[in-house]
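Chemist: Sharing a structure below in C-alpha cells format, with a few things to ask.
Please treat every number below as a calculation from the coordinates, not as lab data. Keep in mind it's a predicted model, so treat the numbers as computed, not measured. When we count neighbours, we look across all protein chains shown, and the Cβ atoms used for this are built from the backbone with ideal geometry, even at glycine.
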Amino acid sequence: MDKSGLATRIGAVAANVERVIFGKHHEVELALVALVCRGHILVEDVPGTGKTVLAKAIARSLGCSFKRIQFTPDLLPSDVTGVSIFNQRTSQFEFRPGPVMTQIVLADEINRATPKTQSALLEAMQERTVTVGTETRALPTPFFVLATQNPIELEGTYPLPEAQLDRFFFKALVKFPSEEELLEIARRTTGNALPQLKPVADANAILAAQQVAREVPIAEHVLVYAGKLIAATHPDRTGVDNVKRYVRFGASPRGLQTLVLAGKVRALLDGRYNVAFDDVVAVARPALRHRIFLQFEAEADEVTSDQLIDEIVEKTDKAKAAG
C-alpha cells in the first residue's frame, strides 16, 4: 500500500462505518486514526449513543474478529485474559482464551471494574501479549481496544489509574446529537432495513497502513513544536499561568508520540506527505486531555483539560519552534 492508497482505504472504511453510525464523523475518524497508529481509544459518553455499534461496525468493515467485554465490579482478570484449566484426562493444563484474545475489543463501561481487573488490559494494550501463569501468548494483529465509560455515573465506578489512561492513544468526548441527528438516528434504527455491513478492507490492509503511516516524514521544527506543547503541560516547565495553577501532572512522553503519529496519519488523510503544525494542533485535544491531571481547584473553577490545551496551543510560538 502506498501513501495515497492509505487515504483511500481509510476513507472507504469510514464511509462504510457511517452507513450505520450517523452524526459521529469525528469520532469514527479518531478511532480509525488510533487503529492505524497501533493505538487504542477511550470514548466517554452517556449510554445509548452508538458506541457498541461503532466498535462492531469497524470490525465488520475490516473483516476482523470482535469480542465485547462488559465490565462489572465482579469481573475477574481471568475473565478478560483467559485461564489455564487442568485436564484430568490428559493430565495437562489447557489454556482457555478470554475475550481479549481477538482483534477488535470493546471494553464496555471499563470504569465499572476494579483496578485489578482494569490492569489486566495493561499488558495487552502495550505489549500485545497476555500472560497467564508462566506462559505469555501473543495477541492477534491488528489489535485494537475501544473502551467506553459513562461520565455521569459515579456510584459503583472506579476511576481509571494514570497508567491505564496513558495507554489510550486518544480520548474522545462524544457530544449529544443535535435534533436533526436524533431524527436521522431514529429513521435509521426503527425501520426494517438496517444496512448489513460487508468488509471493505482486511487485517493485512490495516497492518500495511500501520507501516506506511510511520514512514511519513516530520520536519524537525514541527517535531520541536510538538515537544514544546508537551513540555508546556507540566506546571514546572510551562509559561502558561493557568497550567501552573490548575495542573498536577502533565503529559507523558507517550503524549508526544501520539501527537507525532496522529499528525502523520492526519497529513496522509489530507493528501499530504509531510506533517504540518496544523496536523499537530488538530489532534492535541484527544491526544492530551486524558494525560493532563488537574488539581481540585480546577474542578471548583470549572476549568477543563481542553481549555488548558487550547491555551497552551495559543501561547506556544510556532516561529520560535522553527528556530
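Chemist: Scan Ala163, Ala213, Ala172 and give me the residue that is over 27 Å from Cys64 (Cα atoms), surrounded by 12 or more Cβ atoms within 10 Å (Cβ to Cβ) and of a type in the set (Gly, Ala, Ser).
Modeler: Ala163
Chemist: Follow-up question, since we're still on this one. Of all the helices (runs of 4 or more DSSP H) wholly in segment 135-242, which have at least 1 residues that are touching a Ser or Thr at 6+ places or on another chain (Cβ under 7 Å)?
Modeler: 162-166, 203-214, 220-231
Chemist: Shifting gears a bit: Do you know which of the residues in segment 243-254 that are in a helix (DSSP H, G or I) and touching a residue at least 60 places away in the same chain (Cβ under 8 Å) is nearest to the chain's Cα centre (by Cα)? Spell out how you get there, then give the answer.
Modeler: First, pick out the residues of segment 243-254 that are in a helix (DSSP H, G or I): 243-246, 253-254.
The next check asks that each one be touching a residue at least 60 places away in the same chain (Cβ under 8 Å); those that pass are 243, 246, 254.
Numbers: Val243: 24, Tyr246: 25, Arg254: 13 Å.
The residue in question is Arg254.
Chemist: Return a yes/no flag: does segment 64-72 have any residue that is out of contact with any helix residue (DSSP H, G or I) (no Cβ under 7 Å at 6 or more places or on another chain) and surrounded by 22 or more Cβ atoms within 10 Å (Cβ to Cβ).
Modeler: no
Chemist: Determine whether Leu183 is farther than 21 Å from Lys67 by Cβ and free of Cβ contacts under 8 Å to residues at least 24 places away in the same chain.
Modeler: For Leu183, the condition - farther than 21 Å from Lys67 by Cβ and free of Cβ contacts under 8 Å to residues at least 24 places away in the same chain - is met.
Chemist: Continuing with the same structure: Among the strands (runs of 3 or more DSSP E) lying completely within segment 1-96, list those that include at least 3 residues that are farther than 26 Å from Glu109 by Cβ.
Modeler: 82-87
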